[in-house]
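In what follows, a structure is listed as structure tokens, so that the remarks can point back to it.
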Amino acid sequence: MTTVTTSSRTTSVRSVSRMTAEPGVRFGIANGLLVAALLTASVARLDAPAMEVVAVAAAGVVAVGLSTTMTAGLGVIAWAWFTGFVENDFGQLTLAHDDLRRLAVFVLVTPAVAAVARRCPR
């Protein structure tokens, strides 16, 4: 807390931090936006390869401002949503060869997309 003194009275000024500046809150918001992007792609009836691109691109874009670890974690979450509900039924996750390849792609490409998105002019 900072105290400002004037000639006749003392005024207290509090520093207010935004809740969205907290990494955990931003991670939660990013997860919500990722789910919204996947639901939108589903409503648009995109096929599986197009939905895979949407999932990894959305994960990278919404991860702007998160740490590299959280961004990679968001890539794992995007992989889980995609594999469980697009490739398989009812949220079932498998670790077949294609699923592991896809996991590696999501984990590596999501931070790359986030890095490119950070550098884009606003």
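Values for this structure:
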read-out	value
Out of Leu66, Leu74, Leu38, sole residue that is closer than 12 Å to Thr110 by Cβ and part of a helix (DSSP H, G or I)	Leu74
Number of positions in the stretch 50-95 that are under 14 Å from the mean Cα position of the chain (by Cα), of a type in the set (Ser, Thr, Tyr) and open to solvent by 20 Å² or more (accessible area, probe 1.4 Å)	3
Members of the stretch 1-39 that are in contact with a Gly (Cβ under 9 Å, 6 or more places away or on another chain) and either open to solvent by 100 Å² or more (accessible area, probe 1.4 Å) or at pLDDT 90 or above (or both)	Phe27, Ala30
Tally, over the stretch 64-94, of residues that are closer than 14 Å to Leu38 by Cα and either in contact (Cβ under 8 Å) with a residue 60 or more places away in the chain or acidic (Asp, Glu) (or both)	1
Pairs with Cβ under 8 Å, 6+ apart, first in the stretch 95-122 and over 17 Å from Pro49 (Cα atoms) and part of a helix (DSSP H, G or I), second open to solvent by 40 Å² or more (accessible area, probe 1.4 Å) and of a type in the set (Ser, Thr, Tyr)	Pro111/Thr68
Pairs with Cβ under 9 Å, 6+ apart, first in the stretch 25-49 and under 15 Å from Gly73 (Cβ atoms), second loosely packed, with under 12 Cβ neighbours inside 10 Å and of a type in the set (Val, Ile, Thr)	Arg26/Thr20; Ile29/Thr20
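The values are calculated or read from the model by the stated rules, or taken from the named source; none is laboratory data. This one's a predicted model, so the numbers in the text were calculated from it and none came from an experiment. Every residue, glycine among them, receives a Cβ derived from its backbone with ideal geometry; neighbour counts consider all protein chains shown. When the accessible area is computed, the model is the full protein with side chains, heavy atoms only, and any ligands, DNA or RNA have been set aside. Shrake-Rupley method; radii C 1.70, N 1.55, O 1.52, S 1.80 Å.
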